[in-house]
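Let me begin by presenting the structure, written as structure tokens, before commenting on it.
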Amino acid sequence: MNSNEPVRFRLTFSKAGDLRFVGHLDLQRLIERCLRRSGLPLRYSQGFNPKVRLNLASALPLGQESTAEVLDIWLDDHIAIPEVLSRLNQASPLGLRFHKARVVPNKMPSLQDSLRESTFSIDFLNTPDPQAKLTALLADPNLIIERRGKSLDIKPCILNLEWISPSLARMQLSAIPGATGRVDEILLLAGINPATVSITRVGMSFEGDVQNE
Amino acid sequence: MNQIDQILFHVEKPGRYVGGEYNQAIKDWQSVNLHVALAFPDIYDLGQPNLGLAILYDILNKQPNIAAERVYAPWIDMEQAMREHRIALFSLESKKALSEFDIIGFSLPYESIYTNVLNMLDLANIPLCSKDRNDAHPLIIAGGQACFNPEPMADFFDAFVIGEGEEIVLEIAAAYLAWRSAGESKLELLHSLALIHGVYVPAFYAVDYHENGTIRSIKPVFDDIPETVTKRIVAKLPPPTTDFIVPNVDIVHDRIAVEIMRGCTRGCRFCHAGAVNRPVRERPVEEILDAIEKGLNATGYEAVGLLSLSSSDHIKILELIKKAYLRFANRRVQLSLPSLRIASFSVDLMDELKELKPSGGFTLAPEAATERMRAVINKPLNESDFLDTVKTVFEHGWLSLKLYFMVGLPGETQEDVQAILDLSRKVLSIGRKIRGNRVRVHIGVAGFIPKPHTPFQWYASEKLETLNQKIYFLKDGTRKSGIKLTYNSPESSLVEAWLSRGNRRLSAVIQQAWLNGAKFDAWSDKFNKQAWLDAFADNGLDPDFYAYRTRDLNEILPWEHISTGVRKQFLKREFLASQSGEIRIDCRNGCYYCGILDSFSDLRPTAADVYWGCP
């Protein structure tokens, strides 16, 4: 067991194509195996059943893609950034691509604890009048949905909606525990089938870590 | 967005249907001249870990001119969506419709998967019966353990591979390519396949029946077709496959599988695998270790299963485990060793494995609870040795022990069933004495189904009612006892009882059962008994004739023309020995002339028998 201080790397990766049909727990296991294949000097958890130390910022709903997923890993030694990226990418399945890595202080709070907002790009493809539908929806003072049997107003979770073109929007949602907006839920309220649009997470922002904003 | 993607939003676990996993082989469709679909007739979660298909996938894709792709049965929600949107069954790699492949090879490991084969062909818009397919349709073949009695599926498959696939798969590919370039008819293709040792073309055999439904004769219809198709084996096991596909979604047996040994010398009379996979062939220790290392590097897996029918019988097993420990201790992998013999030696082995990374409980399979019954099935073990092993298991720190038993064995009495309870209670009290009240004893009970090519092939299956009574009795007896009981519902084993020793008249029954709605028969909550009973009735056949009839020793059996290399005379001798309770110890120590050495005299290694376990 290595007792040196580990080196914490913050990685940004994309999850694209058919990999959007792979859920969060599966993704976590898939990345763990990718890390094991990479040959990087992984830090394992202590204890009876050691596991690769890794920490994913936020679950992405099934069916959505991302260019901005964030993950922390801990290595036993310092490895040059280009090598970390190339080893990971060589070990990655289709759809998973690591594009950024940097060393962050070990004392930084966990990604989940510091996550504040997520930004999504929504391509409405052939959906008729998406702008009208969403504008009408957002005129409501409350947007009540059912989540695990409980009613919840998600209006305050919608921080911003910006139209890039008539069929392409950017939606900024809060991502604080207990107040996490979901694009698919909002679209359903607006009468749009989320299966007919293409949703991509394009950014996440974390308190105290400006570099990922 | 394409149509497949659209429906994937609405089905459970869509990651099953998209491929794209690490180590998937995907080739440019136009760049190869042979497209093979490897099909498993159940969902991805169960099919993906199949080692046989992984081996064939690897062998075929190593050929530059061949692309092998995978296909599994869609789950019920996906099937419904596909039918609604008229999406034909497609491969995971290229998402090509199955009908665009040249060859479709199905794995048939057991009978309760047969209706899924028909469902998959139907979803692919391919005619179910061989006679209804023409030159433009893919060649449809099968291999796997259930193919040793191919007869119930005879109408649907163009050809069956009997035995081991490692060599024959490329011979079939070559025969197909030669046939295509010659531009001949499908009959010519089947003919050239039938001449390959180990290939069975059912259409080339005529079966004649007696009035009473038993078989009068099975004869080839052409002069140059062999009267008996003898299984194919590889004399020496090739180095194991290591570039396993690493699934993106959760599956069963999610780990590297390395077969350390094929075949078994124990000669348990109920055991199909032990009968059809002779002779024993072992892989050398270094080859296994190298395969584990390559596999770990290629997959990133954290678990390795060392597979065989009887792990503790590998001649160098202790050396293997000790060396594995030295080599992999720092890689945090869990090694598992299933199918351990009941002996304290096995506990030593598990001790070594525990050093590597602790895993769950300990499992032992006495199969029967009385010495008398164990003599009948030829799995000899005296009770005091068994209890000593149990004691050792608990003394070495395990808290949980699982025991496997069968009910419905030939000649079983109420005392034998009662003995399962008595023995389990003894085990629990030994465990508690050593380790206290945290000890858990779990018994797994299965109803015995006689299998073709085994010494028990002549026996009737135990009646469903009797099996149920025995299970209820065990349920009652384990209530509030600290012993956990799990069992396979005898009802859902009916398909196995009907089909495993069936003749080709059952093809019509299988087809009708599927039309009546039968599919996923192996899933006890999906099993549709009425669909099957109606299908038997529609075809004027009696299911009891197949399940509950004791066969005459001189009867021509439906699989008479398929040989595992074991002589029928040997099986008869073992059948009689089971009735007198005569035991035959491990045939590594002395040959009982099963016939394997004669059948494969040309293949037997000549100098040192280091990898072939026959004496």
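Read-outs: derived from the displayed coordinates by stated rules, not from any lab. Everything quoted here is computed from the prediction, not taken from an experiment. Don't worry about glycine lacking a Cβ; one is built from the backbone with ideal geometry, like all the others, and counts go over all protein chains shown.
So here's what we get for this one:
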| read-out | value |
| --- | --- |
| Note, ³J(HN,Hα) from phi for segment B:518-524, Karplus 6.51, -1.76, 1.60, rounded to Hz, x at Gly and Pro | 6, 6, 6, 4, 6, 8, 4 |
| 10 Å Cβ neighbours from other chains, averaged over peptide A:32-40 | 4 |
| Order of B:601, A:118, B:99 under a 10 Å beta carbon neighbour criterion, fewest first | B:601, B:99, A:118 |
| Ranked B:464, B:506, B:485, criterion: other C-beta atoms within 10 Å, fewest first | B:464, B:485, B:506 |
| Between segment A:1-48 and segment A:109-185, the alpha-carbon center distance in angstrom | 29 Å |
| Chain lengthening between residue B:604 and residue B:414 when straightened (0.36 nm per residue, less Cα-Cα) | 63.9 nm |
| Difference of contour (0.36 nm per residue) and Cα-Cα distance, residue B:383 to residue B:174 | 69.8 nm |
| Alpha carbon centroid spacing (whole Å) that separates segment B:134-172 from segment A:51-96 | 43 Å |
| Neighbouring partner chain Cβ atoms per residue of A:14-26, average, 10 Å criterion | 5 |
| GluC sites (Glu not before Pro) within segment B:178-244: DSSP coil, no more than 12 neighbouring Cβ in 10 Å | B:211, B:227 |
| Cα-based reach from residue B:402 at 18 Å (exclusive), listing aspartates and glutamates while leaving out same-chain residues under 8 positions away | B:348, B:351, B:367, B:383, B:385, B:388, B:422 |
| Nonlocal Lys pairs with alpha-carbon distance under 30 Å, chain A (8 or more apart, or different chains) | 9 |
| Entries of B:379/B:568; B:463/B:519; B:480/B:519; B:219/B:568; B:95/B:231; B:219/B:379 with Cα pairs more than 25 Å apart | B:480/B:519; B:95/B:231; B:219/B:379 |
| Solitary cysteines of chain B, where the nearest other Cys Cβ is not under 4.7 Å | B:129, B:147, B:264, B:587, B:591, B:594, B:614 |
| 5 angstrom amide H check on residue B:407, placed H, neighbours 5+ away | B:446, B:447, B:448 |
| Karplus (6.51, -1.76, 1.60) ³J(HN,Hα), θ = phi - 60°, over segment B:393-406, in Hz, Gly and Pro reported as x | 4, 5, 4, 8, x, 6, 10, 10, 10, 10, 10, 9, 9, 10 |
| Residue-by-residue Karplus 3J(HN,Hα) for segment A:163-175, coefficients 6.51, -1.76, 1.60, Hz, glycine and proline x | 9, 7, 8, x, 10, 9, 10, 10, 10, 9, 10, 6, 9 |
| Net charge, residue B:233 excluded, C-beta distance under 12 Å - Lys, Arg +1, Asp, Glu -1 | +3 |
| For B:126, B:251, A:186, order by how many other beta-carbon atoms lie within 10 Å, fewest first | B:251, B:126, A:186 |
| Cα-only Debye scattering, segment A:1-126: base-10 log of I(q)/I(0) at q = 0.11, 0.16, 0.17, 0.21 Å⁻¹ | -0.38, -0.80, -0.90, -1.35 |
